[in-house]
Amino acid sequence: MYKNIFQAIKKKVKSHEGKGNIEFARVFPKWDENSQIDFIDYAILPKDTSIGFHCHSGNEEVYFIFKGHGEMRLQNDIFNVKPGDVIVNTNNSSHSLVNNSDEEIHVFVIQVKYSRDSVNAYKDDSKIATIGLDIGGTNTKVLILEDSEIKEFYQIKTPQINSNDEMIDFIVSCIKKLLKPDKDIRGVGIGISGMVNSEAGCLISSCFMPNINNLNIQQAVSDKINKPVYVDNDSNMAAFGELYLGSAKGCENSITLTLGTGIGAGIILNGKLYHGSTGRAGEIGHFIAKTAGEMCSCGKRGCLNMYVSQVALVNNYIKNGGTYEEGGLELLLSNKSEACKIELAFDEMCDYLAEAIVNLKYLFDCETIIITGGISNASELLIDKLKAKVKNKIIIDLWSDTFIRLGRFNEKSGAVGAAAKALEMYCYDGCTNEKP
Ligand SMILES: [Zn+2]
């Protein structure tokens, strides 16, 4: 989001508008009309070289905006940076920023001097919070994200929803539980299972709610809660959550798989969510996994959803002679006497999942595949098996041990991503002309 800042600032400083330009307030949190850009530079740092700087805490900050990937060290802190990343120094003293990586790294340096008044009036930016919702076929998760941390979280069963009005009422009631006067909630992100036009904030259709069609959630919910709302597909939100704060942080190209009621994928290409031409990119639940296979809810046969999902797992288990009573994955996994049959069920599911992952790697050449969602809670049963199978099925040059990773937030990643997306859209929106 900071990618264009330097260019914009350079232009303004050159045209002598640097001092007191109120537009800078969107970028620098304590900015007012008496603040000024003190110093501006562009440095090229080969391996093991550094740039020194001095900063008076309280009224000065130094911003480093990076071009290129690598590891930087500032005092005892190590940062893995990628293009557009920013390190802000507010400590009072002289320091140097060291390039710890093998690659040459380019960095923009901007030193800002704030006025005394603006520093005194400054309200801590880290207290800005957003709400994230993840509405799935089985459960709905709701949380507050504040200062990059989950502050409150709850989960409820997604009820049977029969009309557009019921859908809006349900969403608004979920949000209102977390709208508290002591929180500075700036916006809401909503991830929902189904086909979503994220530009319009509209749910086109959803397999698990056949009665809901062409519902503009963004408009209707925003009108009722009086805050900006962003809507996208649940897998896309999960991918954004893992990119922003989780296991895909620092990766330019990553795919996050959500394993739950079905399987979905959120695709990040060149650091951005890829939606495709109709917003349906990542619907890998309908990859054809088996010719003339099981019938999927989409009306076609052999879809991956039928072989990689919680339902598929239970079906495999029953097929292997297991007896299953209603109660979900947790209960199934707690049955230690059936460990062998449960492992077989996972084994069978992982065959299909590994093949889908290999195909995704050939198609996108992504740096990493993140596994998240409800089933990923069974990580010990899943991850080693999956890694071994993918390694076995892929051309070995393309394999690395960090290629498949567990998500940081498991079943919460969709809600974290939704809140993070709202943060990026509605709290830092002025930073750049680029859409996140
Ligand atoms: Zn299907």
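Bear in mind these aren't lab numbers, they're just calculated from the coordinates by the rules spelled out. Note that the coordinates shown come from a computational prediction; the quantities given were computed from them, not determined experimentally. Every residue, glycine among them, receives a Cβ derived from its backbone with ideal geometry; neighbour counts consider all protein chains shown.
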Quiz item: Ranked by Cβ crowding within 10 angstrom, fewest neighbours first, how are I357, I371, I318, I396 ordered?
Solution: I396, I318, I371, I357
Quiz item: Using a cut-off of 19 Å between alpha-carbon atoms, which aspartates and glutamates can reach K113, once sequence neighbours fewer than 8 places away in the same chain are excluded?
Solution: E17, E23, D32, E33, D38, D41, E60, E61, D124, D125
Practice problem: Would you mind telling me the antiparallel percentage of the DSSP bridges in region 144-298, rounded to 5? | Solution: 75
Self-check item: Within region 250-407, percent of DSSP bridges classed antiparallel, to nearest 5
Solution: 55
Quiz item: Using Cα pairs under 8 angstrom and six or more residues apart, how large is the relative contact order of the chain, in percent?
Solution: 16
Quiz item: What is the order of E33, E424, fewest Cβ neighbours within 10 Å to most?
Solution: E33, E424
Quiz item: Using the alpha-carbon centroid of each, what span in Å lies between region 61-103 and region 215-264?
Solution: 29
Practice problem: Give me the distance in nm between label points sitting 7 Å out from Cα along the Cα-to-Cβ direction at D165 and I44, one decimal. | Solution: 6.6
Quiz item: Can you pick out the pairs among K183/K224; K141/K319; K151/K412; K272/K389; K177/K249; K176/K272 whose Cα atoms lie more than 20 Å from each other?
Solution: K141/K319; K272/K389; K177/K249; K176/K272
Exercise. For a quick protection proxy, order the peptides 137-148, 256-267, 226-237, 95-106 by their average other-Cβ count within 10 Å, most packed first.
Key: 256-267, 226-237, 137-148, 95-106
